[in-house]
Amino acid sequence: MILLEPHNHIIQTTLAEKASQPSALDVQFVDFDGVRFRLTTPDRKVPTALVLSMSIRCWDELVRYGVNDILKREYGAALRAEPEFGYNVTLDVNLEQIPPEGDERDAYIKSLALLKRNALAAPFELGFQTQKQLEAAGSGQGELMALHYRDEEVIYVQASSDRVTVIFSTMFREETDRVFGKVFLQEFVDARRLPTIQSAPQVLYTTREPPLEIRHLQGLNDSEDVGYVTFVLFPRHFAKADVANSTITHIQLFRDYLHYHIKCSKAYMHSRMRYRVSEFQKVLNRAKTEAAVVDRKTVS
C-alpha cells in the first residue's frame, strides 16, 4: 500500500522553485482535513520575502496542548507573533537567508512543508511527556485530549502510566465505504499476530459502540456510519526522539491513509467491472446472427 507523505507537496515544490528564481506569487490551496494554506509575497518589489500562513479548524485546542512552544522550537524567529488575518499561524520566509543549494536547503524547505504535521504533533508530544511523568510516579492517568480536526470526526489522546491511547472516530458516508473500511481495519487488528510485527502498536476496531476511554463523553455519535479505531502506544514506540517523531508522523495520517485506500479500492473495482462489461459486450456482439440477404426477382 502507498504511504502518504507527511509534508505538503505544493509548499515544497513552490519554495524550491522560488529559491532558484524568486518572483512574486499568491497561492492559496487546501491540504487534507480542510487545512488552508496561503503562500504569498506581500511586497511584489521584494520577491525574496515570502509569507506562509495556515488555518486549521482545531487551532484553539492545539494552543491548549502547547502548539506555540512546538512551532517556536521548529521555526524560531520565522514565527510571527500575530498571524495573517484569517489564518492561525504565519511564518516569514526570507529566500536570501536560506541555505545554499543542496541537502541543507532541501531539509529547510521540507521543514516548512511540515508546518501542518508539526502543529498537529502538540497533543501527541504532550501525551508522551505525560506518560513518562506518570510512569515515574507509578500510577495515574492523564487528561483526555480531544482534537476536533474534521466535521464529526475527532482524535482522542490519553496517557497513562504504561501507555498512550490514541482513538480515531471516523465517518463512513456510504455502505461500500463501511464494508471496505471494515476489511482494512480488521487486517490492522489481525496483522499484529504475525511474528515479524509483534512490536507494532495494538489496534482495536469497533463500530457504533465507543471505546471505554471515551464512553463517558456526551454527544458521541452511535450511528452505523461511525467507527472507532484505537491505537495503544507503549513506551517503546516513543522512547527515542527519532522513534517518537516517526510515530507521530505516521499516526497523524492514519485517517487520510484509510480513506485514500478505500477510494483507490473502489476505483479499482469499478475499472475491473467496466472491463468485464466491455468483454461481455464483445462476446454478445460476436454471438449475433447475421440476417440472410435474399435477392428478390420480379416475374417477367
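Descriptive notes on the structure:
- A protection proxy built from the mean count of other Cβ atoms within 10 Å ranks the segments 227-236, 153-162, 175-184, most packed first, as 153-162, 227-236, 175-184.
- Nearest-ten-degree value, helix 254-287 long axis tilted from longest Cα axis of the chain: 10
- Here the peptides 84-91, 38-45 are ranked by packing, the mean other Cβ count within 10 Å, and the order with the highest first is 84-91, 38-45.
- Cα-based helix-to-principal-axis angle, 241-252 vs the chain, degrees rounded to 10: 40
- Build a GNM of the chain with springs between Cα atoms under 10 Å apart, and of Ala121, Ala107, Ala78 the one that fluctuates most is Ala107.
- Computed over the chain with a Gaussian network model linking Cα atoms closer than 10 Å, the most mobile of Val226, Val51, Val243 is Val243.
- Residues in the stretch 146-159 carry Karplus couplings, in order, of 10, 10, 7, 8, 9, 4, 6, 10, 9, 10, 10, 10, 9, 9 Hz; the curve used is 6.51 cos²θ - 1.76 cosθ + 1.60 with θ = phi - 60°, and Gly or Pro positions show x.
- Partner aspartates and glutamates for Lys182 [C-alpha distance under 15 Å; skip if fewer than 8 residues away on the same chain]: Glu174, Asp190, Glu209, Glu224, Asp225
- Local net charge near Phe238, Cβ-Cβ under 15 Å (Lys/Arg +1, Asp/Glu -1): 0
- With bins 10 Å wide beginning at 0, the percent of Cα pairs of the stretch 1-152 falling in each bin runs 10, 36, 32, 15, 5, 1, 0.
- Three-way shape call for the stretch 139-227 based on the alpha-carbon gyration tensor, with the a/c threshold at 1.5: oblate
- Put a dot 7 Å past the Cα of Glu135, heading toward its Cβ, do the same for Arg57, and the two dots end up 3.5 nm apart.
- To the nearest 10, the accessible area of His250 is 110 Å² with a 1.4 Å probe.
- Per-residue ellipticity at 222 nm, computed for the chain from helices alone with -39500 (n - 2.57) per DSSP H run of at least four residues, works out to -13000 deg cm²/dmol.
- Solvent-accessible surface (1.4 angstrom probe) belonging to Tyr268, in square angstrom, nearest 10: 140
- Rg over Rh [alpha-carbon atoms, Kirkwood Rh] for the stretch 21-102: 0.99
- Less than 5 angstrom separates the built amide H of Val89 from those of Met54, all sequence-distant by 5 or more or on a different chain.
The values are calculated or read from the model by the stated rules, or taken from the named source; none is laboratory data. This is a predicted model, so every value here is computed, not measured. Ideal geometry is used to build each Cβ from the backbone, glycine not excepted, and the neighbour counts take in all protein chains shown. With ligands, DNA and RNA removed, areas are computed over all heavy atoms of the protein, side chains included. Shrake-Rupley method; radii C 1.70, N 1.55, O 1.52, S 1.80 Å.
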